[in-house]
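All remarks here apply to the structure that follows.
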Amino acid sequence: MMRLLRVLGVAVAVAIGTWFGGWWAVPLCGAVYAVLRQQQPGAVSEAAFGAMLAWSSLLVWQVSHPAFARLSAAVSGVFPVPVPVLMLLSVCIAGVLAASAARLTHRE
């Protein structure tokens, strides 16, 4: 239960950071979280899952906006893959960014 709350806390921090500061908030939040959780196992995976949850939530929230349809059509014109695949890749990138930064700063 505590692990779920920690992941949700990371997700809230990443979502707010991304909303106000952009994508660079993802590795920053992952690194800060890992520093705060020094000597405790699971910090890297919690940072990754929190970032993925945050970006999934932001994507779900934005999918109803009319500009999202125009942007996704333009991006899918550049990359020859369906829009859901691009959304999944962006969520995975958030997880990799947070996990990489957390791994670089975490000591077990």
**Fill in**
FRET efficiency for ILE93 and MET2 from the Cβ-Cβ distance with R0 = 30 Å, rounded to 0.05, comes out at 0.65
**Message:** Could you derive backbone 3J(HN,Hα) for segment 55-66 from the dihedral phi with the Karplus parameters 6.51, -1.76 and 1.60 (θ = phi - 60°), listing whole Hz in sequence and x where the residue is Gly or Pro?
**Reply:** 5, 5, 5, 5, 5, 4, 5, 8, 5, 7, 6, x
**Request:** Would you mind getting me the FRET efficiency between VAL78 and TRP24? Use the beta-carbon distance for r and R0 = 25 Å, nearest 0.05.
**Result:** 0.65
**Asked** For the chain, what are the per-bin percents of Cα-Cα distances with bins 5 Å wide, up to the bin holding the maximum?
**Response** 2, 15, 22, 21, 17, 11, 7, 4, 2, 0
**Request:** Would you calculate, for the chain, the mean residue ellipticity at 222 nm contributed by helices, counting each DSSP H stretch of 4 or more residues as -39,500 (n - 2.57) and dividing by all residues, to the nearest 500?
**Result:** -27500 deg cm²/dmol
**Fill in**
Here, LEU104 and VAL12, labelled 7 Å along Cα→Cβ, have an inter-label distance in nm of 2.7 nm
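Throughout, read-outs are computed from the coordinates displayed, never taken from laboratory work. From a predicted model like this one, the values you see are computed outputs, not experimental measurements. For neighbour counting, all protein chains shown are included, and Cβ atoms are generated from backbone atoms with ideal geometry for every residue, glycine included.
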